[in-house]
1. I need the full set of residues from region 315-349 which are touching a residue at least 60 places away in the same chain (Cβ under 8 Å) and either touching a Gly at 6+ places or on another chain (Cβ under 6 Å) or open to solvent by 40 Å² or more (accessible area, probe 1.4 Å) (or both), in order please.
2. Just name the residue that is farthest from the chain's Cα centre (by Cα) out of those in region 236-265 that are open to solvent by 20 Å² or more (accessible area, probe 1.4 Å) and within 15 Å of residue 353 (Cα to Cα).
3. Filter region 67-101 down to the residues that are polar (S, T, N, Q), part of a loop (DSSP other than H, G, I, E, B) and over 29 Å from residue 392 (Cβ atoms) and list them by number.
4. Tally up the residues in region 186-227 that are within 12 Å of residue 106 (Cβ to Cβ) and open to solvent by 20 Å² or more (accessible area, probe 1.4 Å), please.
5. What pairs come up if the first residue lies in region 395-412 and is touching a residue at least 12 places away in the same chain (Cβ under 8 Å) and closer than 21 Å to residue 93 by Cβ, the second is open to solvent by 40 Å² or more (accessible area, probe 1.4 Å) and not in a helix (DSSP H, G or I), and their beta carbons are under 6 Å apart, counting only those six or more places apart or on different chains?
6. So how many residues does region 306-336 have that are among the aliphatic types (A, V, I, L, M) and farther than 30 Å from residue 88 by Cα?
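The values are calculated or read from the model by the stated rules, or taken from the named source; none is laboratory data. These numbers come from a predicted model, not from an experiment. Glycine also receives a Cβ, built like all others from the backbone with ideal geometry; neighbour counts cover every protein chain displayed. The accessibility values were calculated without ligands, DNA or RNA, using every heavy atom of the protein model including side chains. Shrake-Rupley method; radii C 1.70, N 1.55, O 1.52, S 1.80 Å.
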Amino acid sequence: MTRPPFGFGSSDRPEEPDDPFGLAGMLGGSGTDMAGMFGQLQKLMSWNGGPVNWDLASEVATGLTRPDDVPVTPEQEREVVEACRLADLWLDPVTELPATGGSPRAWTRTGWVESTTPAWRQLVDPVAGRVVGAMGTAMGQALEQGMAGGVPEGLPPEVAGLLGGLGGGGLGPLQGVMGQVGGFVFGAQVGQALGSLAKEVLSSTEVGLPLSEAGRPALVPANLAAFSAGLEVPAEEVRLYVALRELAHQRLFASVPWLTAHLYDAVDAYARGIAVDGSAIEKAVSSIDPSDPESMQRAMGEGLFDIEPTPAQQAALDRLETALALVEGWVDAVVDAACATTLPSAAALRETVRRRRASGGPAEQTFATLVGLQLRPRRLREAAALWAAVAEHGGAPARDGLWAHPDLLPSAQDLDDPAGFVARTVAGVATEPGTDWDAGLRALDKDLDGRLDDDTDGRGSPDAGPTPV
């Protein structure tokens, strides 16, 4: 499923107001001081470094994290280092992918924002660039048509001068301003998303992507403490379990050099298909009152980005969704193999993490906000069951060897038929002399069905639970 990128369109969450970032207040609350408002706007929109105002995004994000952020203590640093070292020891026997050897880090929430922003920029800019470009062209053309009879009277000199440039058919100045407006609005949106995420994310790879320096694990102690407080599990076991997931992610991304590019290329392919509905732009422009700065904010939320994905975009989203499911499913399977019999709370923590995803955890919320993608929890569960079955019938070498090339990975269709994939892929499954092929497939189907049943959240279906945002 997709939703409008960058949170545009009407909010479907009651806790999110129509102006969640206070943009109206930042731009001026009324039309009584238009000159002052446009002076402030000019300062805020001085960014010219790309489609998203990352200076503003950083300011908004850190503004959300700093008030209640506290420095990492030496004790917390020691706990993170020890948990990561133990996690590597537990992972060594259950995966062929080697440890990265990177020194573990303990981040504050603000540190998470600062350390991961370059990766978010790489992820978000392709989508934002297409949206800003399409929006600027369409809105500029619509405004040019609307100003065919001349510039309306009573506008501040700054606005009249800007719109007067349209008289000769020149859209350049307006398109530049629209690009800055888009960069400003997107910067505020992205900053809000990252600031909110920084308050709950537990590690550098929890969203399923490598967001910081390759091979160096990182945990966020403040968020780990808050997460642990709501569980009936010792804090050290929670820390170790999260460290196991972090170290497994780090091993995978470090050992599979094509994987990061594969994920980012899918986002870029989705971005290349973005188009803005010209009729929606015209309708939005007609609703703008030059004497009311807030009318621009309202106009941009009225269906401009309620766009059905094209077949090419849907294929890109499907590819990204499947790849992320395979990453998370592999981590689930490997971590389960590492600690199922040694960590008393392993099963409970595994289910807690899965419920966290199903109820709109960090990965779902962030991708839905920034690139319009919602992950389907059932895909993650099926991927974990498939990876576990491959390891059971072919060992860790068979499971981990599938990451050698993207063409070897299970497809979305294979997640629907994991028994068939295991039978085709793993040597010796239902192929030894005298083995009943049909009986082998039936046994695999029963085994995988049992794994998925075991992964339910107690309400009868792996998909049960709150609807992802």
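1. Once the filter is applied, which keeps residues that are touching a residue at least 60 places away in the same chain (Cβ under 8 Å) and either touching a Gly at 6+ places or on another chain (Cβ under 6 Å) or open to solvent by 40 Å² or more (accessible area, probe 1.4 Å) (or both), region 315-349 yields 318, 324, 327, 328, 337, 342, 344, 348.
2. The extreme case among them is 237.
3. Result: 73, single match.
4. The qualifying residues number 3.
5. Short answer, once both residue conditions are applied: 396/96; 397/96; 400/96.
6. Keep residues of region 306-336 that are among the aliphatic types (A, V, I, L, M), which gives 307, 312, 315-317, 320, 323-327, 331, 333-335.
Checking which are farther than 30 Å from residue 88 by Cα leaves us with 307, 312, 315-317.
Of the residues in that region, 5 qualify.
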